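> Mind having a look at this structure? Questions to follow.
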Amino acid sequence: FGHKDIPVSYSCVSTGGVGNASSGIVGTGNITNEPVFMDPGTGDYHLESWRSPGYNAGVNQDWMTNALDLDGTRRIRNVQVDMGAYELWVKSGTFFRGK
C-alpha cells in the first residue's frame, strides 16, 4: 500500500506529526493538544472553557452567519467560530486568567 495524504483542516487530530509524512494528515489550522471537552466519558463534547485550544480556533464560513450549533444556539458567538459541533457560551462576568 502506498502512502496517501489525508486532507484534514481545522480539526483536532492525534499526535504523530500533523503535516509530517509519517502521519499522512495534511491541512491547515489543525491542533494536536487535547481539546478539553466537558465530559467525553458521558458523551458531553462541549468545550469545557476558553482554555480549550478549539475555542475561537475554527474557520468562519459564510453559511455560519445565521446557522445554529447542535444545541440550537448561534454558531458564531464571538468573532471566530469554535472548533467542533458546539459553540462555547460563557456566562457573563469577569475572567481572570491564571499564570
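> Along segment 73-90, what does the Karplus equation 6.51 cos²θ - 1.76 cosθ + 1.60 (θ = phi - 60°) give for ³J(HN,Hα), rounded to whole Hz, x for Gly and Pro?
For segment 73-90, the Karplus curve yields 9, 3, 5, 10, 8, 9, 6, 10, 6, 7, 6, x, 8, 10, 8, 6, 10, 9 Hz.
> Next question. Taking K and R as +1 and D and E as -1, what net charge do the other residues with C-beta under 9 Å from the C-beta of Leu47 add up to?
Combined, the nearby Lys, Arg, Asp and Glu give -2.
> Tally Lys/Arg at +1 and Asp/Glu at -1 over every other residue whose Cβ is under 11 Å from the Cβ of Met38; what's the total? Please report the intermediate quantities before stating the final value.
Details: positive: none; negative: Asp39, Asp44, Glu48.
Result for the neighbourhood of Met38: -3.
> Using the per-residue mean of other Cβ atoms lying within 10 Å as a proxy for protection, in what order, highest first, do the peptides 46-56, 70-80, 28-38 fall?
46-56, 28-38, 70-80
> Using the Karplus curve 6.51 cos²θ - 1.76 cosθ + 1.60 with θ = phi - 60°, what ³J(HN,Hα) values do you get for each residue of segment 58-69, in whole Hz, with x for Gly and Pro?
For segment 58-69, the Karplus-derived couplings read x, 10, 5, 10, 4, 5, 7, 3, 10, 7, 10, 7 Hz, x marking Gly and Pro.
Read-outs: derived from the displayed coordinates by stated rules, not from any lab. All of these numbers come straight from a predicted model, not from anything done at the bench. With ideal geometry, Cβ positions are generated from the backbone for all residues, glycine too; neighbour counts draw on all protein chains shown.
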